[in-house]
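Below: the structure, in structure tokens.
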Amino acid sequence: MGLRQSDGPAQASVVVVNTCSVTAQADRTARAFLRRVQRENPSARIVVTGCYAQRAPAEIAALPGVHAVVGNSHKALVPRLAAEAAAGAAFVPLESLIGAPAAVSSGQAPVWLGQAPVWIDDAFAHSWLSRAEPAAAFGGGMETSGPTRPTLKVQDGCGNRCSFCVIPTTRGPSRSLPFDQCLRSAADFAAAGGTELVLSGINLGRWGRDLAPQRSLEELTAALLKEVSRLRLSSIEPMDWTPELLSLFQREPSLRGLARHAHLPLQSGSDAILRAMHRRYRPWHYAEKLRAIRLHMPEAAIGADVMVGFPGETDALFEESYAFIQAQPLTYLHLFPFSARPGTAGWEMAKGHPVSPHDIGLRMARLRVLIAGKNLAFRKSLVGRKLPAITLRTPEAERRQGFTRALTDNFVQVRLEGNLPANQSLWTSITSVRNDALDGVIAA
Ligand code: SF4
């Protein structure tokens, strides 16, 4: 569109902010960021998109300096609107829509909410998939700011209705990027010099179910492994870890192709809480999947999302969840406090059975200690092992001391001796455990 990347928001003439709204904290972070951009760069034209824009456009439009609000439903318009904003174009409100009670814009015409035009529609009315090409995002070496390990987003939206989750209403139904486009994106990334691609989606395990003919994530994973030198699967719901998917890890003899890394959202280890969350598995299902993953990949990183303080999580139910997590071969956790999201069933439940912030804090602290111990034991078990890794962009202070950061295929950071550029695929011999990482040397 003729736009150039600026050094940062303070120098930009247009700032596009892609917001998250998964928790109340995500909303606060977005609002604080928008206020800061406006304060530091009052002449910037700020275009806001993403899930917060989709969920609460009027809230965003009311913030000072916001030039346009674009829901996920209209995200495809962002490049055009950013280019128009950069050219100094003023968005003209349509007279007939001023003050319209429902914030629904038809086609490409905005409605006007307060100071800003808003492009938004029901997320379920749209089935296109917004994404960035990994080859374009790829940072590669030291000279650019893009990610060394970009994501290839192949799926968006979700057909589940977990009672705490706002995502289905902000992102709409589950849909998949067609098989050929997935392969083309991966091939372009490899041709641009990329090494590791992270396969992602909102509900990645559902990839292909909506395509005609129907396809499977296993099929896609096997095909992508022929295009890129390393592929990492991001979060996959427990029930989508099929024997076919697991067998892909076993068929890869060099272990370099498919990173030994499994992330399965758990949310709670309590049966009663999982039911209240409307999750589709029970603790014993989850434990079975982890057992199978450990059997197939003895050295894999295994991670989980855990939500603390869901309405009705009594001390006894938390203890049940804690004991379950303690018994699992997990190597890391993403811990979140429950956050009531407007429009979800959890919002209502929180009115009747809230858990106090004090209790949530104590429970999260206990889980942090628990997982720190498990993670340390996992890293200790890797000392003396030879692991495939990719070099990352290393902070300047570490580079000056003669070290390079790398990430092993089983998701542990290693501090390597020597200075290497990012994006190098290599083998490392692990020599010792260091703080929250490992020390290693390049292996022959
Ligand atoms: S599976 Fe549940 S938590 Fe995940 S996006 Fe869908 S509704 Fe939300």
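Computed from the coordinates by the stated procedures, all read-outs in this text should not be read as laboratory data. Note that this is a predicted model, so its numbers are computed, not measured. Reconstructed Cβ throughout: ideal geometry from the backbone, glycine too, with neighbour counts over all protein chains shown.
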Fill in: Farthest toward positive dipole pole in the chain [+1 Lys/Arg, -1 Asp/Glu at C-beta], among ASN435, PRO311, ILE46
ASN435
Worksheet item: LYS75: which lysines have alpha carbons under 22 Å from its alpha carbon, excluding same-chain residues fewer than 8 sequence positions away?
Response: LYS153
Worksheet item: In nm, to one decimal, how far is the modelled label at ARG28 from the one at GLN11, with both set 7 Å along Cα→Cβ?
Response: 3.2 nm
Worksheet entry | Where no second cysteine Cβ lies under 4.7 Å, the cysteines concerned in the chain | CYS20, CYS51, CYS158, CYS182
Fill in: Dipole in debye (nearest 20) - region 171-289, about Cα centre, beta carbon charges: Lys, Arg +1; Asp, Glu -1
260 debye
Worksheet entry | Stretchable slack from ASN419 to GLU348, in nm (0.36 nm times residue separation minus alpha-carbon distance) | 20.1 nm
Worksheet, complete the sentence: For the pair LEU211 and ASP359, the simple spin-label estimate (label points 7 Å beyond Cα toward Cβ) gives in nm 4.6 nm
Response to the item:
Spelling it out for ARG209: with amide H atoms placed in the peptide plane at 1.01 Å from N, the residues 5 or more places away or on another chain with amide H under 5 Å from its amide H are ARG215
Worksheet item: In a GNM of the chain with a 10 Å cut-off on Cα contacts, which of ALA397, ALA62, ALA292 has the highest mean-square fluctuation?
Response: ALA397
Worksheet item: ARG4 to THR431: extension gain in nm, 0.36 nm per residue of separation minus the Cα-Cα distance?
Response: 149.3 nm
Practice prompt. Work out from phi, with θ = phi - 60° and the Karplus expression 6.51 cos²θ - 1.76 cosθ + 1.60, the ³J(HN,Hα) of each residue of region 8-23, listed in order in whole Hz, and give x for Gly and Pro.
Written response: x, x, 5, 9, 7, 8, 10, 10, 9, 10, 9, 9, 10, 9, 6, 9
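Please compute the contact order of region 294-444 in relative form: average sequence separation of alpha-carbon pairs under 8 Å and at least six residues apart, divided by the residue count, as a percent.
Numbers: 240 pairs, mean separation 29.4, N = 151.
For region 294-444, the relative contact order is 19 percent.
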Worksheet item: If the cut-off is a Cα-Cα distance under 23 Å, which lysines reach LYS289, setting aside same-chain residues fewer than 8 apart in sequence?
Response: LYS374
Practice prompt. Please state, as a whole number in µm²/s, the translational diffusion coefficient that the Stokes-Einstein equation yields for region 396-444 at 20 °C and 1.002 mPa s, with Rh defined as the Kirkwood radius across alpha carbon pairs.
Written response: 197 µm²/s
Practice prompt. Please turn the phi angles of region 115-132 into ³J(HN,Hα) values with the Karplus equation 6.51 cos²θ - 1.76 cosθ + 1.60 (θ = phi - 60°), one per residue in order, whole Hz, x for glycine and proline.
Written response: 8, 10, x, 10, 10, 7, 8, 4, 4, 7, 7, 10, 10, 7, 10, 8, 6, 9
Worksheet item: Taking amide H positions as placed 1.01 Å from N in the peptide plane, with prolines and chain starts having none, which residues 5 or more places from GLY50, or on another chain, fall under 5 Å of its amide H?
Response: THR19, ASN72
Fill in: At q = 0.16, 0.19, 0.22, 0.23 Å⁻¹, base-10 log of I(q)/I(0) for region 185-278 (Debye sum, equal scatterers on each alpha carbon)
-0.72, -0.95, -1.16, -1.23
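Can you give the relative contact order of the chain as a percent, counting alpha carbon pairs under 8 Å and 6+ residues apart? Please report the intermediate quantities before stating the final value.
Details: 890 pairs, mean separation 45.1, N = 444.
Answer for the chain is 10 percent.
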Discussion item. Amide H of ASN410 versus every other amide H placed in the peptide plane: which residues, excluding those fewer than 5 positions away on the same chain, fall under 5 Å?
Written reply: ARG260
Response to the item:
A correct Karplus calculation of ³J(HN,Hα) over region 334-345, with 6.51 cos²θ - 1.76 cosθ + 1.60, θ = phi - 60°, whole Hz and x for Gly and Pro, returns 9, 9, 9, x, 4, 10, 6, 9, x, x, 9, 5
Discussion item. I need two numbers for the chain: Rg to one decimal and Dmax as a whole number, Cα atoms only, in Å.
Written reply: 23.0, 71
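Output the relative contact order of region 134-381, whole-number percent, from Cα pairs under 8 angstrom with separation of 6+ residues. If you can, show how the numbers build up before the last one.
Numbers: 428 pairs, mean separation 40.6, N = 248.
Averaging sequence separation for qualifying contacts and normalising by length gives 16 percent for region 134-381.
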Worksheet item: Given labels modelled 7 Å from the Cα in the Cβ direction, how far is it in nm from ALA83 to GLN250?
Response: 5.2 nm
Item to complete: Return the single residue from SER235, SER247, SER21 with maximal mean-square fluctuation; model: Gaussian network over the chain, springs between Cα atoms under 10 Å.
Response: SER247
